[in-house]
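Asks: Let me begin by handing over the structure; questions about it come next.
The values are calculated or read from the model by the stated rules, or taken from the named source; none is laboratory data. Everything numeric in this text was worked out from a predicted model, so none of it was measured. A quick note on method: Cβ atoms are made from the backbone with ideal geometry, for glycine too, and the neighbour counts reach across all protein chains shown. Heavy atoms of the whole protein, side chains included, go into the accessibility calculation; ligands, DNA and RNA do not. Shrake-Rupley method; radii C 1.70, N 1.55, O 1.52, S 1.80 Å.
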Amino acid sequence: MKCIGILGSTGSIGRQTVEVCRFLDYPVAFLTAKTSADLLFEQAKVLKPQVLVLEDESKAELLREKVKAAGLACRVEAGRRALIEVAKLPGVDMVLSSMVGMAGLEPTLAALESGIDVALANKETLVVGGDLVVKTARDHGAKLYPVDSEHSAIWQALAGGKKDALYKIFLTCSGGPFRGKKREDLAHVTAEEALNHPTWKMGGKITIDSATLMNKAFELIEACYLFDVDDRAVEVVVHPESIIHSMVEFNDHSVLAQLGVTDMRLPIQYALTYPERMDSLTPAFAPFSPKAHRLSFEPVDEETFPSIAWARQAWQKGQGTSIILNAANEVAVEYFLSGKISFVAIWEIIRHCLAKITAPKGFNLYNLEDILALDLETRREAGLRADRL
Ligand code: MG
């Protein structure tokens, strides 16, 4: 039985990880949250971890009092530094990293540096720091396991052949809520429409990323790092039913797919129990259900959705471009969710940043300071552009 630590336990993946850990009866050593102190407290009552970390320091004192009053024997810490420190907690076998955005990079690196395996749900970590993350894992003998449903599918399918027999990865994509729409149809869509994902219930940021296909763009980069392939070996396939979670084709052109209902608890559990398979909370597959009885595939409309092409460009140009792509997107999505810019302006801001910013001379992709500086510069530029829209 593995001892788990959860970074970002109050978000969508974090809550489902809590559910899975309870179901498997796996001990949980720490939980962290950005601001959701109440939910963190509720989770602590059930899981009895050793440490709780709240990034928002202003709410920590109240949480400490509640923990004490409830008689819980856990330490409450606060702030960004504590969040990075807790990722190295001795006795933890695996850290599940499900924070949102680039914020997950440093704690993930901290766990890997301590030789702790990481189940990675936070794809931005690989997008902005893939080279550094992969090297850190290798140098410290730690493993990286995918939690993203597509990458979990690829990982499971790859078990059916040798790595050097891999011919192609088919990364499936639901198409998001705006599949079939053209650019002019998207000019006036609201945050509410964009948040209405057809097949997956997820957090706000990733749902918007799914609507712009930036999520798939990041997943393409994530796949290149996780499976050590070039972007040309990855084809994105729109598969609106989201029953096939991705496929792998070997050199004899045999294709292995991983199928199932859309339930993130399965890839979470597989990463936690690997190499074992255990009973799960996921409902059994129903091949005759209305969604599953016909499976369809379409190409991506790259004219309307430029995101995938940007990801390929970023992979070819190197990590600096991925950092710019991610930072511009994070800022743009925040602006869109707060109603300050239109949906298509998200792409406009990213396009602007990709054209305007380049990684400085001497940029070292293995240096965290360099990564953070380029991220910050892009955020500033993206904010300025967004304010002018
Ligand atoms: Mg995914």
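Asks: In nm, give the distance between the simple-model label positions of GLU302 and GLU192, each being 7 Å from the Cα along the Cα-to-Cβ direction.
Replies: For the pair GLU302/GLU192, the computed spacing is 3.6 nm.
Asks: Per DSSP H run of at least 4 residues, take -39500 (n - 2.57); add these up for the chain, divide by its residues and hand me the 222 nm value, nearest 500 deg cm²/dmol. Mind dumping the intermediate values first?
Replies: Values: 15 runs with 177 residues, N = 389.
Value at 222 nm, helices only: -14000 deg cm²/dmol.
Asks: Suppose every K and R has +1 on its Cβ and every D and E has -1 on its Cβ; what is the size of the dipole of segment 16-60 about the Cα centre, in Debye to the nearest 20? Can you show the working numbers first?
Replies: Numbers: 5 positive and 7 negative charges, 25 e Å.
I would put it at about 120 debye.
Asks: Then there is this: What lysines could a cross-link reach from LYS356, if we take a straight Cα to Cα line under 20 Å and drop same-chain neighbours fewer than 8 places away?
Replies: Leaving aside lysines fewer than 8 places away in the same chain, those within reach of LYS356 are LYS317.
Asks: Cβ under 13 Å from ARG312's Cβ, ARG312 left aside: what net charge do those residues give with Lys, Arg +1 and Asp, Glu -1?
Replies: Details: positive: LYS216, ARG232, LYS317; negative: GLU219, ASP230, ASP231, GLU235, GLU302.
Once all neighbours under 13 Å are counted, the net charge is -2.
Asks: What shape does the chain take by its C-alpha gyration tensor, where a ≥ b ≥ c are the square roots of the eigenvalues and a/c under 1.5 counts as rounded, a/b above b/c as prolate, and the rest as oblate? Spell out each step's value before the answer.
Replies: Working: a/c = 1.41, a/b = 1.16, b/c = 1.21.
Note, shape of the chain comes out rounded.
Asks: Where does each of 202-209, 53-60, 225-232, 271-278 land if you order them by average Cβ count within 10 Å, highest first? Numbers along the way, then the final one.
Replies: Working: 202-209: 21.0, 53-60: 18.6, 225-232: 16.0, 271-278: 14.5.
Final packing ranking: 202-209, 53-60, 225-232, 271-278.
Asks: Could you tell me what percent of the accessible area of the chain is made up of carbon and sulfur, with a 1.4 Å probe and every protein chain present?
Replies: On the way: 8610 of 16690 Å².
It is 52 percent, rounded to a whole number.
Asks: Oh, and also: Answer with one residue from ILE323, ASN364, TRP347: the one whose Cα lies farthest towards the positive end of the charge dipole of segment 307-389, charges on Cβ with Lys, Arg +1 and Asp, Glu -1.
Replies: It is TRP347.
Asks: Give me the dipole magnitude in Debye, nearest 20, for the chain about the Cα centre, with unit charges on the beta carbon: positive for Lys and Arg, negative for Asp and Glu.
Replies: Numbers: 43 positive and 51 negative charges, 82 e Å.
In total the dipole reaches around 400 debye.
Asks: With a cut-off of 8 Å between alpha carbons and a minimum separation of six or more residues, what is the relative contact order of the chain in percent? Could you put the intermediate results ahead of the total?
Replies: Numbers: 721 pairs, mean separation 57.9, N = 389.
The value is 15 percent.
Asks: If you don't mind, there's one more thing I want to ask. Using a cut-off of 23 Å between alpha-carbon atoms, which lysines can reach LYS291, once sequence neighbours fewer than 8 places away in the same chain are excluded?
Replies: Of all the lysines, those that pass the test against LYS291 - Cα under 23 Å, at least 8 places apart if same chain - are LYS181, LYS201, LYS216.
Asks: Find the accessible area per residue for the chain; the probe is 1.4 Å, ligands and nucleic acids are left out, and the unit is Å². Kindly include the intermediate steps, with their values, before the conclusion.
Replies: Values: 16690 Å² over 389 residues.
Per residue, the chain has 43 Å² of solvent-accessible surface.
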